[in-house]
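Asker: Following this message is one structure expressed as structure tokens.
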Amino acid sequence: MLEADGRPPTLDGYNQDLINGIIQYYSDPPFHCEVHFVSNPDDAIFPIVVIPGGHKVPIRARRSGPNGNILADNAIYIRKPGPRSEMPQSAQDWDDLLGRCLRNRRDEMYDQIRDLITGAVPQLQQPTEPDKLEEWIDKSFERWSDLTEPLPANVGARFTHGFYRIAYKIEGQNRQLDTAEIPEVLRNSVVHHTGWPPFWYPLRRGIAPYLIDGAVECWLGSDDEAPIEQRDAAHSDFWRIHPEGLAFLLRGFQEDGMEDQRAIPVGTAFDLTLPVWRVGETLLHASSLAAGLFEGPTAIRFVVTYEGLAGRSLISVGNRRNIREGRVAQQNSITLTTHIDAQAIDTNLPEIVRPLLSPLYALFDFFELPMQLVVDELARMRGGGS
């Protein structure tokens, strides 16, 4: 085995989680690969990616590769002599591919029948290690609950009428940074497209971020310069970032702070475009933070939860877009997830945001989120709202 031209100086960033994150982003249905590293007689390290067989349906590319290279959207690839991968070129190629899938389905059916006849009992799955991102979310929410517990009931900073919560985990190779370097990395990671960016890093005493339990934490609801009654939900963010690549943001609905200015009763409205902006900004923040804390390729596990949706109507604040009245959510909460290549976020933001948020909008009388709306609003967000 010979080293390829342009090979990176180290393969530390190419771990199994990263490879499977890329596969989940580009393949439908996704599948799990094993990654091993072996050395040749000259002690050069080479990655071996073990791709499983036995697929019961053809695997298609969910999207094109970065800049339209390597993969084509919705294409199906097969292995050919060479070795190389290409789309089926003939009826024989398709017959071979579909025949393999049908044989795999048949073998699975025979195994199920055999188990029924012999009385085999399925074994319970062995307990897995606790999910680090879920633990991070639970611990972060508990921290916020402890901070807000002394506040009076129904103040904006307690998010009485609802909130949205975004968390993500960066997968890859951490940079070796001193603790004193972390604040600068976090400040540089803030995406300044709008006036109130996610993970804003204030410097004013009283709301400046601080270090606790190894994470950097910031609670804007502690601002003593504003009376507690005036700390509205949309400007009482709580966020935490751990240098290992974990981030958590909790924010109230901006719509709930518009009662005085725009006659929108608290807890009744859900704006059409704000989720697109806020999720888009946070995805860009994840990409920026990954570049600051990690080196080499990275993947992002991204989770967003909306609470307090029941009874809210889908509206367009400022009547910027036409939307039929009466689209009211009956479900109170929803959690949305995606697993993406961090390097693909900047150039493929609309293609990531729309499938992620579509189930949220469907709660409002089956509203279908138009791709063109997502493209236009993200462009407007990146232009500073103009």
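Nothing in this text is a laboratory measurement; each read-out follows from the coordinates by a stated rule. Quick caveat, the model's predicted, so the values are computed rather than measured. Glycine gets a Cβ as well: all are built from the backbone with ideal geometry, and neighbour counts include every protein chain shown.
Asker: So, in the stretch 146-170, of the ones that are β-branched (Val, Ile, Thr) and outside any loop (DSSP other than H, G, I, E, B), which residue ends up surrounded by the fewest Cβ atoms within 10 Å (Cβ to Cβ)?
Answerer: Thr148
Asker: Also, quick follow-up: Which one of these is part of a loop (DSSP other than H, G, I, E, B), surrounded by fewer than 23 Cβ atoms within 10 Å (Cβ to Cβ), in contact (Cβ under 8 Å) with a residue 24 or more places away in the chain and touching a strand residue (DSSP E or B) at 6+ places or on another chain (Cβ under 8 Å): Glu217, Glu244?
Answerer: Numbers: Glu217 fails: part of a loop (DSSP other than H, G, I, E, B).
Only one candidate passes the filter, namely Glu244.
Asker: Something else now. Which of the following residues is in contact (Cβ under 8 Å) with a residue 40 or more places away in the chain and either touching a Phe, Trp or Tyr at 6+ places or on another chain (Cβ under 6 Å) or not charged (D, E, K, R) (or both): Cys101, Cys33? Break it down stepwise before answering.
Answerer: Values: Cys33 fails: in contact (Cβ under 8 Å) with a residue 40 or more places away in the chain.
Testing whether each residue is in contact (Cβ under 8 Å) with a residue 40 or more places away in the chain and either touching a Phe, Trp or Tyr at 6+ places or on another chain (Cβ under 6 Å) or not charged (D, E, K, R) (or both) leaves just Cys101.
Asker: Of the residues in the stretch 14-49, how many are loosely packed, with under 12 Cβ neighbours inside 10 Å and either assigned to a loop (DSSP other than H, G, I, E, B) or touching a Cys at 6+ places or on another chain (Cβ under 7 Å) (or both)?
Answerer: 4
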